[in-house]
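What follows draws every value from the coordinates through simple rules; no lab data is involved. Bear in mind the structure is a predicted one, so any value in this text is a computation, not a measurement. Using ideal geometry, Cβ is built from the backbone for each residue, glycine included, and neighbour counts are taken over all protein chains shown.
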Amino acid sequence: MRRIVVSVLAIACLAGTAACQPKPAVPGAVAQASELPLPAESAQPSPSAEVPVPSASPKPTTSPKPATCQQGEHQKAVEQALAALGGYGKLTVDGVQSQADCDAVKKFQKRFDLRPVDGKAGPMTRNVAERLLASKPGACGAGSGLTACVDLTHQTVWIMSGGKVVYGPTVTRTGMAGYATDTGSFAIHDRQLKNWSEEWDVWLPYWQRVVGGSGFHQTTTWIHNGSIGSHGCINLLPVDAVRFWNTLKNGTTVKIFGRRPGT
């Protein structure tokens, strides 16, 4: 009986059943995924990890643009005067030219026909600014009515009403030596848009007679030529002559006081 069982087993093995022989290794075969070692943990951040954002590069600082005007020898004095007068822009009173200072000085020079309009704080610009600043409304002695004030000492004029300055002060040029403008209280009594002076052979625009042959009128030459003056009249810049013409009337009081230097 035992011999029969052994025989049966031998026959099965000879038939080449898979259960009887080990599987041979195949050269170059790729191992199954389950047979590979697990990879080490990746060094890449997980999708949910926050990635640092590089900081923005700092913006380069820019230096102020250099002024387009040359610095004048009276820089600080002009800055102080214009800052006190007001209305010419923002200035830094430090004696150093900046673009804002340049623009303010140019605006002032253009307003008062100072030539050239270059923003440079020269002696004439300083002179005009300080004359305007030194003009005191109280020196006029104006009442509450409309009054034109002429300050011979500072060569300035302005208009008052109700005891307050309503226009000016602005520049003027009055009588030179030998032709000094009269002082006192007067009234306008003759107005002509264009008066012909037979005595001096010249047209006088926006003429308003004050006393004798003298009156307000638009200047016929450059008003800042200090080597000459009028023959007693009160010369005005064109813009001021128009304003005086449009504001004053026949009968308006005119107060003239002080003394022009050199007369």
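Simple spin-label model, 7 Å along Cα-to-Cβ: residue 71 to residue 239 in nm?
2.9 nm
Amide H to amide H under 5 Å from residue 173: which residues, 5+ apart in sequence or cross-chain, H placed 1.01 Å off N in plane?
235
Need one number: nm distance between label points at residue 246 and residue 84, each 7 Å from Cα along Cα→Cβ, rounded to one decimal.
The two pseudo-label positions are separated by 3.0 nm.
Counting only pairs 8 or more places apart or on different chains, how many lysine pairs in region 75-132 have C-alpha atoms closer than 12 Å?
Qualifying lysine pairs in region 75-132: 4.
So, by mean Cβ neighbours within 10 angstrom, what's the order for 179-192, 159-172 with the highest one leading?
On the way: 179-192: 15.6, 159-172: 17.6.
Order by mean packing, descending: 159-172, 179-192.
When the gyration tensor of region 117-170 is built from Cα positions, what are the square roots of 5 times its three eigenvalues, in whole Å, from largest to smallest?
On the way: eigenvalues 132, 22, 11 Å².
Semi-axes from the Cα gyration tensor: 26, 11, 7 Å.
Residue 257 to residue 225: extension gain in nm, 0.36 nm per residue of separation minus the Cα-Cα distance? Walk me through the numbers on the way to the answer.
Working: separation 32, 0.36 × 32 = 11.52 nm, distance 2.16 nm.
Using 0.36 nm per residue and subtracting the Cα-Cα distance, I get 9.4 nm.
With viscosity set to 1.306 mPa s at 10 °C, what whole-number translational diffusion coefficient in µm²/s follows for region 139-257 from Stokes-Einstein and a Kirkwood radius over Cα pairs?
Values: Rh = 14.0 Å.
It comes out at roughly 114 µm²/s.
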